[in-house]
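Chemist: Have a look at the structure that comes next, please.
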Amino acid sequence: MSDHFFGFRKAFDHPVTIGIAVTVAALLAATPVILAILGAGGRLDAKHRDELWKRYFSWLVLVPAMLGPVLLGAAWTIAGVAVLSLACYREYARATGLFRERSISVVVVLGTLVVAFASADHWYELFLAMFPITVACIAITGIFPDRPQGYIQRVALGVLGFALFGAALGHLGYFANDRNYRPILLTLIVLVELNDIFAYIAGRLFGKRKLAPNTSPGKAVAGCLGALVATTALTVLLAHLTFAGTPLDAPLPLLVLGVMISVVGQFGDLVLSSIKRDLGIKDMGAVIPGHGGLLDRFDSLLLVAPAVFHYLAYFVGVGAGQPHRIFSGG
Amino acid sequence: MKDWKLQPARDLGLPAEQRWRSLHRENGLLETITQGFWRVLTRGYLCTYHRLSVSGREYLPAAPPMVLIANHASHLDALCLAASLPSALRERVLPVAAGDTFFETPTQAAFSAFLLNALPMWRKNCGRHALDELRRRLIDEPCGYILFPEGTRSRDGEMLPFKAGLGMLVAGTAVPVVPCRIDGAFDACPPHARVPRPKRIQVRIGPHLEFADLPQNRDGWEVVRARCEEAVRALAAQSTLIAQPTPQETKRRGT
């Protein structure tokens, strides 16, 4: 049991985990060299270079913060996801003004904490039930101020907030119940982040036509397609290694998984862009220098987490053969 | 159906340190919880160690806006006033504290923002601009302020003359100004003391004043200043705490 929650000695049991960790470390080590060469060759103007350096230093903090908990154990993973969910909700609530409705925020926070408990407990029924239960509680809580003006707004904002950050992002934490959660989560996180980077690079190199100029002026169709090809190829390779010998390990299911991660990841990005455009703000916060708020960085993960979770659950099951309801019994 | 009105936090997008020092800072759930704990702790401390007693609560307006003013002799003063408020007002009345004492270092700023819920007033370059922003927030939000118009803590317990800044804030507005008198805080925790002494503290709240008909100019500010100072002095005269003359007073009486 404590091995499951805190067994960091098993961190590198799976070859895919080792491969990803080594690759990411190598990328982080190589980036300053590349930036220095580009800078020396005069290929980058000063402003652009400073911006890239700032982003790079943020990655130096972000990467250990994202991968560290997954390597350390299930307890850290679930706690890390819960903290991320709450921090993302905070940014969203401040940006939409929902934070002024304290009681609805309390319900969303409690719902998120119960989702984290259900993940730690490996209690799938509770994990699923928390969505309708929390939605009902938000709708009920909205009544209490006895102020029908703005009822639909505060309840709808609360439900969207819980759906995106409590429920959807919570799937990342539930993955920790799987025997293979380290390679799965590392693959997922790294691919989604690389997907963003691929889109950025491909967009800058070949981008002419805008993807959705009103929603996100920076995105190009070429970037989207480039990311689709690169991410799908990488996914097929990594998932083939992780899921060898399972029903998922066939060309079509692997291909669909890759397309899913890339396309849904980019949709998550566009969802957040739409929210920001609607509010008329550029960034959701200023927590990460060079990136903006946490949500500006983790937007792509929001929708990928549940999509991949249920796709994997269909083919191989998540948490199969692991003890159920560890704390609650039953 | 009413149109949706999405109002982002007014301090959105500010880096943490700037946010703590911002006059537009708005609390979230996290701050509500930490400040709730802090208030329970300070109230418990004041009520037991200093046997805090409060009279005149009925004079407090039911809802913001409002400005609470009092004499200032100790760091306990703002805590005493905050502890005198009914629960409906507690989170909506913010102490205005000296920027150079409470917001200088990042640690101080975080403490003042997270626990005291204070807003900074920079004494060196406190221009019209900062006061205008404070007034806008006071009326638009609306919220309440705890202010010490003497501008600094009295070094001998005697109340100093009030400053005109209060007038710039409220002259020509319908914001009620509630005069308060704090007795005993100087003996409990004078500026030179390191550890507070277990002396009794008394807060007396008086009927509020309004300055809607005064002009926003030097004359108006001066009237506000004088009437507020007079109101706080009048409350002092009603003190039921046995007045313990300060050394300076004793000396003065002797001569």
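Chemist: Filter the stretch B:127-152 for residues that are loosely packed, with under 14 Cβ neighbours inside 10 Å, among the basic types (Lys, Arg) and under 26 Å from B:Arg90 (Cβ atoms) and give the result.
Modeler: Residue satisfying the conditions is B:Arg136 alone.
Chemist: Filter the stretch A:277-330 down to residues that are among the acidic types (Asp, Glu) and in contact with a helix residue (DSSP H, G or I) (Cβ under 8 Å, 6 or more places away or on another chain) and give me whichever is surrounded by the fewest Cβ atoms within 10 Å (Cβ to Cβ).
Modeler: The qualifying residue surrounded by the fewest Cβ atoms within 10 Å (Cβ to Cβ) is A:Asp283.
Chemist: Can you go through A:Phe175, A:Phe131, A:Phe127 and tell me which one is in a helix (DSSP H, G or I) and crowded, with 24+ Cβ neighbours inside 10 Å?
Modeler: After ruling out the rest, the residue left standing is A:Phe175.
Chemist: From the list A:Val221, A:Val264, pick out the single residue that is modelled with pLDDT under 95 and surrounded by 15 or more Cβ atoms within 10 Å (Cβ to Cβ). Even if it seems obvious, please write down each step before you answer.
Modeler: On the way: A:Val264 fails: modelled with pLDDT under 95.
Checking each option against the conditions leaves just A:Val221.
Chemist: Can you pull out every residue in the stretch A:38-82 that is in contact (Cβ under 8 Å) with a residue 12 or more places away in the chain and of a type in the set (Asp, Glu)?
Modeler: Across the stretch A:38-82, the qualifying residue is only A:Glu51.
Chemist: Let me ask something else. Does A:Ile197 count as more than 14 Å from chain B (Cβ to nearest Cβ) and within 30 Å of A:Thr242 (Cα to Cα)?
Modeler: yes
Chemist: Same structure, new question: Pick from B:Arg155, B:Arg218, B:Arg225: which is touching a helix residue (DSSP H, G or I) at 6+ places or on another chain (Cβ under 7 Å) and either basic (Lys, Arg) or surrounded by 22 or more Cβ atoms within 10 Å (Cβ to Cβ) (or both)?
Modeler: B:Arg225
Chemist: Where the second residue is of a type in the set (D, E, K, R) and the first is outside any helix (DSSP H, G or I) and lies in the stretch B:44-58, which pairs have Cβ atoms under 6 Å and are six or more apart or on separate chains?
Modeler: The qualifying pairs are B:Arg51/B:Arg200; B:Ser55/B:Arg204; B:Gly56/B:Arg204.
Chemist: Could you please find all residues in the stretch B:5-32 being under 22 Å from B:Ser84 (Cβ atoms) and either of a type in the set (Val, Ile, Thr) or more than 9 Å from every other protein chain (Cβ to nearest Cβ) (or both)?
Modeler: At the first step, the residues of the stretch B:5-32 found to be under 22 Å from B:Ser84 (Cβ atoms) are B:27, B:31-32.
Across the stretch B:5-32, the qualifying residues are B:Glu31, B:Thr32.
Chemist: Still on this structure, please answer the following. Looking at the stretch A:182-208, I want the residues that are free of Cβ contacts under 8 Å to residues at least 40 places away in the same chain and have a partner that is of a type in the set (Ser, Thr, Tyr) and in a helix (DSSP H, G or I) with Cβ atoms under 7 Å, at least 6 apart or on another chain. Which pairs are those?
Modeler: Close Cβ pairs satisfying both conditions: A:Phe198/A:Thr231.
Chemist: For A:Gly73, indicate whether it is buried (at least 21 other Cβ atoms within 10 Å of the Cβ), at positive phi, in contact with a Gly (Cβ under 7 Å, 6 or more places away or on another chain) and small (Gly, Ala, Ser).
Modeler: yes
Chemist: Additional query: Go through the residues of the stretch A:131-146 one by one and say whether even a single one is more than 25 Å from A:Ser328 (Cβ to Cβ) and within 11 Å of chain B (Cβ to nearest Cβ).
Modeler: Among the residues of the stretch A:131-146, not one is more than 25 Å from A:Ser328 (Cβ to Cβ) and within 11 Å of chain B (Cβ to nearest Cβ), which makes the answer no.
Chemist: If B:Asp156 passes every condition in (1) at pLDDT below 90; (2) under 17 Å from B:Leu23 (Cα atoms) but one, which one does it miss?
Modeler: Going through the list (1) at pLDDT below 90; (2) under 17 Å from B:Leu23 (Cα atoms), B:Asp156 breaks only (2).
Chemist: Find the residue count for the stretch A:3-46, including only residues that are in contact with a helix residue (DSSP H, G or I) (Cβ under 9 Å, 6 or more places away or on another chain) and under 30 Å from A:Gly321 (Cβ atoms).
Modeler: Within the stretch A:3-46, residues that are in contact with a helix residue (DSSP H, G or I) (Cβ under 9 Å, 6 or more places away or on another chain) and under 30 Å from A:Gly321 (Cβ atoms) number 20.
Chemist: Only one of A:Val259, A:Val229, A:Val308, A:Val263 is touching a residue at least 40 places away in the same chain (Cβ under 8 Å), under 30 Å from A:Asn214 (Cα atoms) and either of a type in the set (S, T, N, Q) or in a helix (DSSP H, G or I) (or both). Can you tell me which?
Modeler: Within the list A:Val259, A:Val229, A:Val308, A:Val263, the selection yields A:Val308.
The rows are residues; the columns are (1) assigned to a helix (DSSP H, G or I); (2) modelled with pLDDT of 90 or more; (3) within 30 Å of A:Ile138 (Cα to Cα).
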| residue | (1), (2), (3) |
| --- | --- |
| A:Leu27 | yes, yes, no |
| A:His48 | yes, no, no |
| A:Arg55 | yes, no, no |
| A:Trp59 | yes, yes, no |
| A:Gly68 | yes, yes, no |
| A:Ala87 | yes, yes, yes |
| A:Glu91 | yes, yes, yes |
| A:Val106 | yes, yes, yes |
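Chemist: How many residues does the stretch A:272-292 contain that are part of a helix (DSSP H, G or I), away from every other protein chain (no Cβ under 11 Å) and in contact (Cβ under 8 Å) with a residue 40 or more places away in the chain? Reasoning before the result, please.
Modeler: The first filter runs over the stretch A:272-292 and keeps only residues part of a helix (DSSP H, G or I), leaving A:272-279.
Now narrow it down to the ones that are away from every other protein chain (no Cβ under 11 Å): A:272-274, A:277.
Restricting the remaining residues to those that are in contact (Cβ under 8 Å) with a residue 40 or more places away in the chain gives A:273-274, A:277.
Residues meeting the conditions: 3.
The values are calculated or read from the model by the stated rules, or taken from the named source; none is laboratory data. Quick caveat, the model's predicted, so the values are computed rather than measured. Note: ideal-geometry Cβ built from the backbone for every residue, glycine included; neighbour counts use all protein chains shown.
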